[in-house]
1. Which value, in debye to the nearest 20, gives the size of the charge dipole of the range B:126-213 about its Cα centre, when Lys and Arg are +1 and Asp and Glu are -1 at the Cβ?
2. Tell me, what HN-Hα J-couplings in whole Hz come from the Karplus equation 6.51 cos²θ - 1.76 cosθ + 1.60 at θ = phi - 60° for each residue of the range B:424-435, using x for Gly and Pro?
3. Please report the buried accessible area for the interface of B with A, total over both chains, probe 1.4 Å, in Å² to the nearest 100.
4. Given an 8 Å cut-off on Cα distances and at least 6 residues of separation, report the relative contact order of chain B as a percent.
5. In whole Hz and in residue order, list the ³J(HN,Hα) couplings for the range B:513-528 that follow from phi through the Karplus curve 6.51 cos²θ - 1.76 cosθ + 1.60, θ = phi - 60°; x for Gly and Pro.
6. List the lysines whose Cα sits under 25 Å from the Cα of B:Lys479, skipping any in the same chain fewer than 8 residues away.
7. Between B:Gly406 and residues 5 or more places away or on another chain, which pairs have amide H atoms under 5 Å apart, with H built 1.01 Å from N, and which residues are they?
8. Given H placed on each backbone N at 1.01 Å, which residues far from A:Ile110 in sequence or on other chains put an amide H within less than 5 Å of it?
Amino acid sequence: MDVILSVWRQTGPNTEGGFVRYEANNIPDHASFLEMLDIVNEDLNDRDEEPIAFDHDCREGICGMCGVMINGQAHGPQLGTATCQLHMRKFKDGDTIRIEPWRADGFPVIRDLAVDRSAFDRIVEAGGFITVPTGSAPDANLIPVPKPAAEASMDAAACIGCGACVAACPNSAAQLFTSAKVAHLNLLPQGQAERYTRVVAMVDEMEQWFGACSNHGECEIACPKSISIDFIALMNRDYIRAKFRQGRLAGQR
Amino acid sequence: MTTLDSKVPAGSIEDKWNNHKFSIRLVNPANKRKYSVIVIGSGLAGASAAATLSELGYHVKVFTYHDSPRRAHSISAQGGINAAKNYHNDGDSIYRLFYDTVKGGDYRSREANVYRLAEVSNNIIDQATAQGVPFAREYGGLLDNRSFGGAQVSRTFYARGQTGQQLLLGAYQALAKEIGKGSVEMVNRSELLEVVTHDGRAAGVIVRDLLNGDVTAHSAHAVVLATGGYSNVFFLSTNAMACNTTAIWRAHRKGAHFANPCYTQIHPTCIPQSDESQSKLTLMSESLRNDGRIWVPKAPGDHRPASDIPESERDYYLERIYPAFGNLVPRDVASRNAKTQVDTDHGIGPLRNGVYLDFKHAIDRLGEDTIRERYGNLFEMYERITDDNPYATPMRIYPAPHYTMGGTWVDYNLMTSVPGLYAIGEANFSDHGANRLGASALMQGLADGYFVLPYTIGDYLADYLNVDPVPTDHDVFTKAIAEVQDRTARFLATKGRRSVDWFHRELGKIMLEECGMERSREGLEKAIREIPQLKEEFESDVKVLGANESFNQSLEKVGRVADFFELAELMCRDALDREESCGGHFRVEHQTEEGEALRNDEDFTHVSAWEWNGPDEPQTKRKEELVFENVKLATRSYK
Ligand SMILES: Cc1cc2nc3c(=O)[nH]c(=O)nc-3n(C[C@H](O)[C@H](O)[C@H](O)COP(=O)(O)OP(=O)(O)OC[C@H]3O[C@@H](n4cnc5c(N)ncnc54)[C@H](O)[C@@H]3O)c2cc1C
Ligand code: FES
């Protein structure tokens, strides 16, 4: 198939960017979206034009490295699908496709379609862990975890940290990412000891980088892992409790 | 030819590790902060090692070319991780896990390392669970297990089809905790381009900042390479796009012997290639073989759709040939059999390049819901890629390069032949022999990182108390920086006609054809002639646009592909030298009448560790004899 691309090109973080039009011809239907960009890049290289920079690695929707706005939608038109898993059969011959980087103050552009998402790491470093130094763990079956709790924790832990939630949010808020990280640990018995300190530390860090959540719900739709905004409610509940109780009464029910 | 000292401790296999831990020197806690350690890579092996070393008190600096430690290729492991917990009371034990792994590796691994791996496997599950890894549970809330190829017990722990992701998040979070405290310095988007030695010991590394091209030197008391495998030498593989050999290849050129480079694993269950534009192959977890049945049409050239082929005209060839293990034979056996089917015109799918993996019987027996619960995300992934619904029609699968058992040679302490330089995880060669069993790479990476290296590194460091690392303005560093900059400048100045990917793809074709699932003397000799020719062409005709001083992805790739060329040649020479078939290394000249791998224990019960002799002379082979005191060498039989 043949498609027309309008791609955001920007040579560096501090330079002006703009859209450039490219023709992508003879693209096989079963090519993935990124393979289509590979073909365009080969072509650019042949014509002595620098290839389009974009982040990617696993190309199976798990590393969270890829992600671009496709016709204004984070990761494009297919629900629950990362950019690397999107296939060209979802487009029609002759379509025009606009491709841009994530747009958010918390994610400055590095070059073309690649952005800097290190703010996500800062949120995890603030408290997104269970403190258990190597070697200090008890036998794994000493802590039974009710199956539904384990499943819910896994639903949250499925987050790949791609940043689509932030990119889709009109306020560039990172509530979905942060709440998924909080819920993954706060839902488990193992995570209880640090439950309240964790949520406060992570939310406070998040607020340094990202906007405020006003319940648009765009994030859930953009999420390639379909992570539910219910986790945001859970995070807010724990945050409010933590603020009231300062965590000191956490031992009481 | 000198033999290598593996430093395996004396004593019975059960006591070796314990005795060793007691006999090696410790660094006292107050002194640990006087030492600095550089870790390259933040996959399971690197992240677990860095977090643990930092908890112990060492200064740790970690480099990764990813934008975050959590993106390492370990994230894509699907199926699970083994441990000898025997939670299911089905007769598992440390000894059985050890035995299965040695046998699965076709008796080409080091017994003592494998036993230690089995011993610490249980600690890994405890550690990961305590970190909050949401492993699958049974209704009573206890941990669930599944079975995997090459084993007759259920010992595989899993988190849906995302076990690697969850284990990596566990290790990453442990690392993040240390980064947050300021005890680990984490450097993202930075790639090691040279290993620096001084007086025969590791002194540090040279890295390039991928965002602005800055090349800088970093020194430490010890350097740990946790940089993963080299399957991307085949161009198309199940590995992430950026996986490469540069770190361990640069170390090789600085004196780290490269062991068994020809031991590569071709995974049996991947989605077949659809055309030339394909950039990578997608693995469908081996766990699918638990419930899926593999078949092809009995008649050659039968191109009817699967649904039109009646039961009586299907050949469930693995169940027929290997009744005891059936669809759960080890990977090398499953892969080679699939190749035989396709080569004899039994292939299915539009390009006749696959075999079926069919869930119909499992769905009839267990219901679609159970299958969805077990494999839902894999089925979805398959459908997304192929546009076929595997609940209704059988999956199409074909083998693809996946894992490299070969790697940097290390002794029992995981130290390479360069003192102070360590290699852990897939980057080393140590535990899987000639074939790796499923769910054991995650186990090995975490064993090395959490429970082995943090002890053994102390024994080396103890000698260097109050000795400062080599300063980064020392000659060895400034020279190395200049060399790295030169190499980069040369790539940019070549201004040839063809892209880096073009050369990589051509190299991959040679490697897959001549050094893939089947190897022959003739083919290998041909490859050894062709690779240097292609390399020459690459050096004079590659086109890399742009500058060093910016985020330049072609420039990143060109250096990696240059190193793949040198590695590819060594792989072929190793495969040619090894006159036997074992595990993933199948030489057509060495097979039984039934077409099974035929080992040559007399001449090849050793590790081939290749020593670098400079760019103009081939490597010298050094041997580590493998001694089997516990497991008796036998012909592997899965019938
Ligand atoms: C699709 C797939 C599924 C798998 N499923 C399973 C499974 O179910 N069970 C199992 O046991 N195993 C599985 N494996 C194998 C297993 O995932 C890997 O062997 C293992 O995760 C490797 O871990 P590692 O830490 O050694 O390396 P990696 O996770 O590959 O990490 C390498 C790290 O090194 C860094 N790095 C590399 N080179 C450089 C350099 N020059 N400079 C700076 N940084 C560098 C990278 O950025 C990265 O951080 C699977 C593999 C694949 C491909
Ligand atoms: S490339 Fe890894 S999620 Fe898309």
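The values are calculated or read from the model by the stated rules, or taken from the named source; none is laboratory data. These numbers were taken from a predicted model, which means no experiment stands behind them. Don't worry about glycine lacking a Cβ; one is built from the backbone with ideal geometry, like all the others, and counts go over all protein chains shown. Note: areas computed on protein heavy atoms with side chains; ligands, DNA, RNA excluded. Shrake-Rupley method; radii C 1.70, N 1.55, O 1.52, S 1.80 Å.
1. About 280 debye.
2. Result, ordered by residue: 9, x, 5, 5, 9, 10, 6, 10, 10, x, 9, 7 Hz.
3. For chain B against chain A, roughly 6200 Å² becomes buried.
4. For chain B, the relative contact order is 21 percent.
5. These are the phi-based 3J(HN,Hα) values: 5, 9, 10, x, 5, 10, 10, 9, 4, 4, x, 5, 5, 4, 4, 5 Hz.
6. Qualifying lysines at Cα under 25 Å: B:Lys61, B:Lys254, B:Lys557.
7. Residues meeting the amide H criterion: B:Tyr263.
8. Sorted by chain and number, the residues that satisfy this are A:Val115, A:Asp116.
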